Amino acid sequence: IEPSATPATDVANEYELRAQAFVEKMTLQEKICQMLFVTPEALTGYNQVTQSGEATKASIEEFPVGGIIYFSENLVTMDQTKEMIDNIQSYSRDRSGLGLFIGVDEEGGSVARLADSLGTTQFEDMSVYGAEGDPQKAYEIGATLAADLKEFGFNVDFAPVADVLTNEENEVVKERSFGSDPDLVSSMVSQEVKGFVENGVLCAPKHFPGHGSTGGDTHDGFAASTRTMEELQACDLKPFQAVIDAGAPMIMVGHMTMTEIDSENPASLSNAVITGILREQMGYTGIIITDSLSMNAITDLYTSGEAAVKAIQAGCDMLLCISNVESAVDAVTEAVNSGEISQERIDESVIRILTAKIQFGIVS
């Protein structure tokens with residue numbers, strides 16, 4: 001006798017069926033736009049955006065993107081932030097019936113856009129809590145951050161850092177990581193993920209497959225890791241497996257080049273890393289998003305269009321901070337029309353994105 005589907009599976013299937021129904025009615029351009037998670041500046045062409053007005057509305061009409069990420073310079077006051085987010089959400093819903101992912105980097109410690117700009121809850125760097133080693137504290141951090149974000153209309157946090165700090169020279173994630181013990185990091189990040197998800201906010205643990213072994217900083221340019229598959233499995237991948245098991249709705253892939261896995265491409269553009277390891281070996285079925293595609297590790301080598309096409313071919317569902325929206329949309333459209341990327345590949349990502357939006361109440 002077949003075991004009957006659990007209620008949770010039924011609900012998940014229903015979300016996916018509703019997502020498929022949306023996708024069937026969408027144009028190719030609408031689908032591609034749904035895969036973009038951009039700054040308001042990239043969307044509108046303005047230098048610094050602190051409100052959502054006519055220019056934002058017109059831009060959303062033309063490019064109905066899937067997500068907007070705000071940085072400190074966008075957040076001036078509590079009321080201004082709420083109004084800016086409310087307005088852009090209503091423009092998106094009016095345009096396509098689809099709410100936006102509204103994201104921010106709020107890790108706590110040195111990376112805390114809301115705490116720094118708007119005075120929300122301040123936390124120490126995660127290395128401090130890692131040293132204390134209390135997973136319950138990590139859960140509370142996730143829950144508190146989720147509550148703080150929701151108050152303004154944010155629904156995605158690009159956190160927690162799931163990197164294991166294995167290279168003492170690493171300056172990028174040094175204080176942002178819970179530490180150098182993969183089992184400790186795993187227990188902390190998996191609890192933080194639960195804190196977010198159980199309080200209604202999506203989170204994106206980062207930077208897959210692990211930035212803690214690199215010496216370089218991908219913000220500035222090339223960074224590499226020489227970790228073998230065996231080393232990754234014994235250490236760096238453990239926290240990512242833990243967040244997958246904890247139900248992480250998104251995972252962010254970093255731009256370091258894993259020389260032993262794929263020496264040609266940064267991880268964020270690597271089929272071997274994204275499809276081979278994260279999807280196939282680790283069984284991840286949620287949304288895979290790139291780290292910011294405006295970092296030098298990418299822009300030194302690729303145009304917006306090239307990076308967009310390569311990321312999608314590698315298996316990414318969403319492209320973060322692409323600097324030129326129009327050229328990215330054009331390049332992906334051309335790649336689909338030429339058969340370089342299949343329609344099914346695009347649909348698969350958009351169904352994943354909309355399923356999560358339905359699950360989290362962003363699309364009703």
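Condition check ((1) at pLDDT below 95; (2) out of contact with any strand residue (DSSP E or B) (no Cβ under 7 Å at 6 or more places or on another chain); (3) open to solvent by 10 Å² or more (accessible area, probe 1.4 Å); (4) assigned to a loop (DSSP other than H, G, I, E, B)) across all residues:
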residue	(1), (2), (3), (4)
Ser4	yes, yes, yes, yes
Ala12	yes, yes, yes, no
Gln20	no, yes, yes, no
Ile32	no, yes, no, no
Glu73	no, yes, yes, no
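The rows are residues; the columns are (1) among the aromatic types (Phe, Trp, Tyr); (2) over 18 Å from the mean Cα position of the chain (by Cα); (3) surrounded by fewer than 16 Cβ atoms within 10 Å (Cβ to Cβ).
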{"residue": "Gln48", "(1), (2), (3)": "no, yes, yes"}
{"residue": "Val65", "(1), (2), (3)": "no, no, no"}
{"residue": "Ile68", "(1), (2), (3)": "no, no, no"}
{"residue": "Met126", "(1), (2), (3)": "no, yes, no"}
Of residues in the stretch 304-347 being of a type in the set (Ser, Thr, Tyr) and out of contact with any helix residue (DSSP H, G or I) (no Cβ under 7 Å at 6 or more places or on another chain), the one farthest from Lys25 (Cα to Cα): Ser338
Residue count for the stretch 314-336, restricted to those that are open to solvent by 30 Å² or more (accessible area, probe 1.4 Å) and more than 17 Å from the chain's Cα centre (by Cα): 6
Subset of the stretch 208-261 [within 30 Å of Ile358 (Cα to Cα), buried (at least 24 other Cβ atoms within 10 Å of the Cβ) and in contact with a strand residue (DSSP E or B) (Cβ under 6 Å, 6 or more places away or on another chain)]: Phe208, Phe240, Met250, Ile251, Met252, Val253
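Quick grid of which residues meet (1) within 30 Å of Glu62 (Cβ to Cβ); (2) over 22 Å from the mean Cα position of the chain (by Cα):
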{"residue": "Ala112", "(1), (2)": "no, no"}
{"residue": "Ala131", "(1), (2)": "no, yes"}
{"residue": "Val156", "(1), (2)": "yes, no"}
{"residue": "Lys174", "(1), (2)": "no, no"}
{"residue": "Ser190", "(1), (2)": "no, no"}
{"residue": "Lys194", "(1), (2)": "no, no"}
{"residue": "Pro205", "(1), (2)": "no, no"}
Test for Ala297: is it touching a Cys at 6+ places or on another chain (Cβ under 7 Å), in contact (Cβ under 8 Å) with a residue 40 or more places away in the chain and either part of a loop (DSSP other than H, G, I, E, B) or buried (at least 20 other Cβ atoms within 10 Å of the Cβ) (or both): no
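The values are calculated or read from the model by the stated rules, or taken from the named source; none is laboratory data. As the structure is a prediction and not an experimental result, all values here were calculated from the model. Virtual Cβ from ideal backbone geometry, glycine too; neighbours counted across all protein chains shown. Calculation scope for accessible area: heavy atoms of the full protein, side chains included, ligands and nucleic acids excluded. Shrake-Rupley method; radii C 1.70, N 1.55, O 1.52, S 1.80 Å.
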